[in-house]
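Student: Below you will find the structure I want to go over with you.
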Amino acid sequence: MYTFVDEIVLDIASGAGGAGCVSFRREKYIPRGGPDGGDGGAGGDVVFVVRRNLKTLRHLRKAPRIRAGNGCQGEGRQKHGKDGEDAEIPLPPGSVMKDADSGDLLKDFPEEGERWVFLEGGMGGKGNTHFKSSRIQAPRFAQPGMPGKVRRVRIELNIMADIGFVGFPNAGKSSLLAILSNARPEVADYPFTTKIPNLGVMSVYGEDLVLADIPGIIEGASDGAGLGLKFLRHISRTAALAFLIDLSDRDWDKAFDILLAELRSYSPELAEKKRVLVATKLDLPSALGNFPLFQEKFRGEEVVGISAFTHAGLEDLCRAFTGLVAEAAQPEAAG
């Protein structure tokens with residue numbers, strides 16, 4: 001079974017530097033040559049690399065302890081020891097690194113292609129050739145290599161998406177994602193079908209938008225109820241939110257206020273994101289009858305009615321999504 005891993009603790013260490021070499025030049029006609037010990041190689045670095053093809057942190061679960069290679073010892077004839085191999089740690093875009101003990105933010109990785117050296121390897125020690133002087137003609141000592149650095153870090157993943165779906169369980173989020181994008185989430189007529197975040201790419205008007213569906217939120221989520229709150233950080237970076245409201249539910253008129261309150265309890269900034277209210281299941285008579293009341297109740301909001309079954313309203317919804325993303329990008333472009 002596919003396991004979604006969005007948080008992991010890593011014990012990482014850069015490599016130690018190799019020791020310098022104690023050596024003297026010895027050739028057939030030069031029996032008492034001077035010192036010629038080479039320097040030790042540098043220890044390998046710990047490097048984080050952001051790769052677009054990664055979607056979770058699952059690849060790191062089997063190797064939570066990562067060590068860069070140690071530098072090799074220097075050799076005679078002033079041969080430099082080989083440098084230790086770097087330890088490259090690939091991460092998906094949207095990863096955040098924190099100190100595992102204090103929780104302090106160390107680094108944000110929002111963009112693909114970034115390469116960042118976190119822990120530098122120890123320097124190699126100098127060979128005895130560096131210590132020859134008028135007073136010391138034959139130094140019989142060299143420097144040891146410097147030790148590597150050790151850290152314990154927590155990596156958390158915040159999924160990068162344009163539109164995040166928010167709604168109660170069974171509100172139709174997975175069905176909508178399957179229709180609008182290339183994603184194939186599990187769809188069924190029972191609550192909590194979605195147990196992990198799902199991403200899909202919607203191509204519309206010559207533009208690609210990334211849609212994120214997270215597990216359904218229920219009242220009391222901010223106090224630990226249900227599944228959704230654990231995944232709310234995955235929509236923290238979205239440009240906008242789509243609140244999906246099942247108008248066939250008897251408490252449809254309370255749903256948006258409850259969802260917004262739960263988001264505000266988790267993060268006031270998240271609750272203030274640009275949004276569209278999506279009335280779902282309008283192929284059902286009860287939902288269709290409630291739609292005018294829904295529009296009237298939320299006159300100050302952008303409202304779109306859809307049916308995932310008949311595909312009614314989907315074109316209007318696509319326009320709303322592209323408009324929200326463009327509107328969210330304007331302040332950033334202006335800055």
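The values are calculated or read from the model by the stated rules, or taken from the named source; none is laboratory data. Since this is a predicted model, take the numbers as computed values, not measurements. No Cβ is skipped: glycine too gets one built from the backbone with ideal geometry, and neighbour counts run over all protein chains shown.
Student: Picking from A138, A171, A161, A178, which residue would you name as being aliphatic (A, V, I, L, M) and farther than 30 Å from T280 by Cβ? Step through it out loud before you land on a result.
Tutor: Numbers: A171 fails: farther than 30 Å from T280 by Cβ; A161 fails: farther than 30 Å from T280 by Cβ; A178 fails: farther than 30 Å from T280 by Cβ.
Criteria check complete, one pass: A138.
Student: On to the next question. Go through L211, L247 for me and flag whichever is over 23 Å from the mean Cα position of the chain (by Cα) and either at pLDDT 75 or above or within 17 Å of L176 (Cα to Cα) (or both).
Tutor: On the way: L211 fails: over 23 Å from the mean Cα position of the chain (by Cα).
Answer to the check: L247.
Student: For segment 258-291, which positions are assigned to a loop (DSSP other than H, G, I, E, B) and either more than 17 Å from F321 (Cα to Cα) or in contact (Cβ under 8 Å) with a residue 12 or more places away in the chain (or both)?
Tutor: Here is the first cut: in segment 258-291, the ones assigned to a loop (DSSP other than H, G, I, E, B) are 267, 272-273, 281-284.
Of everything in segment 258-291, those that are assigned to a loop (DSSP other than H, G, I, E, B) and either more than 17 Å from F321 (Cα to Cα) or in contact (Cβ under 8 Å) with a residue 12 or more places away in the chain (or both) turn out to be S267, K273, K281, L282, D283, L284.
Student: Among the residues of segment 92-107, are any within 30 Å of C21 (Cα to Cα) and surrounded by fewer than 14 Cβ atoms within 10 Å (Cβ to Cβ)?
Tutor: Just the residues of segment 92-107 that are within 30 Å of C21 (Cα to Cα), to begin with: none.
No, because not a single residue in segment 92-107 is within 30 Å of C21 (Cα to Cα) and surrounded by fewer than 14 Cβ atoms within 10 Å (Cβ to Cβ).
Student: Just a yes or no: is a residue in segment 55-70 without any contact (Cβ under 8 Å) to a residue 12 or more places away in the chain and not in a loop (DSSP other than H, G, I, E, B)?
Tutor: Of all residues in segment 55-70, those without any contact (Cβ under 8 Å) to a residue 12 or more places away in the chain come to 62-63.
Filter once more, so that each one left must be not in a loop (DSSP other than H, G, I, E, B): none.
So far as segment 55-70 goes, no, none of its residues is without any contact (Cβ under 8 Å) to a residue 12 or more places away in the chain and not in a loop (DSSP other than H, G, I, E, B).
Student: While we're looking at this one, here's another question. Looking at S174, S133, which is the one that is farther than 30 Å from I12 by Cβ, modelled with pLDDT of 85 or more and hydroxyl-bearing (S, T, Y)? Explain how you work it out, then say what you get.
Tutor: Values: S174 fails: modelled with pLDDT of 85 or more.
Going through S174, S133 in turn, the sole match is S133.
Student: From (1) over 28 Å from N198 (Cα atoms); (2) in contact (Cβ under 8 Å) with a residue 60 or more places away in the chain, pick out the condition that doesn't hold for V50.
Tutor: (1)
Student: Can you tell me which residue is surrounded by the fewest Cβ atoms within 10 Å (Cβ to Cβ) among those in segment 8-44 that are within 19 Å of P147 (Cβ to Cβ) and among the charged types (D, E, K, R)?
Tutor: Only one residue fits best here, namely D11.
Student: While we're here: Can you spot a residue in segment 8-23 that is touching a strand residue (DSSP E or B) at 6+ places or on another chain (Cβ under 7 Å), without any contact (Cβ under 8 Å) to a residue 40 or more places away in the chain, not in a strand (DSSP E or B) and not aromatic (F, W, Y)?
Tutor: Within segment 8-23, not a single residue is touching a strand residue (DSSP E or B) at 6+ places or on another chain (Cβ under 7 Å), without any contact (Cβ under 8 Å) to a residue 40 or more places away in the chain, not in a strand (DSSP E or B) and not aromatic (F, W, Y).
Student: Mind listing whichever residues of segment 75-91 are of a type in the set (D, E), outside any loop (DSSP other than H, G, I, E, B) and surrounded by fewer than 18 Cβ atoms within 10 Å (Cβ to Cβ)? Full working, then the answer.
Tutor: Step one: of segment 75-91, the residues of a type in the set (D, E) are 75, 83, 85-86, 88.
Filter again for outside any loop (DSSP other than H, G, I, E, B), leaving 75, 88.
E88 - this is the single residue of segment 75-91 that is of a type in the set (D, E), outside any loop (DSSP other than H, G, I, E, B) and surrounded by fewer than 18 Cβ atoms within 10 Å (Cβ to Cβ).
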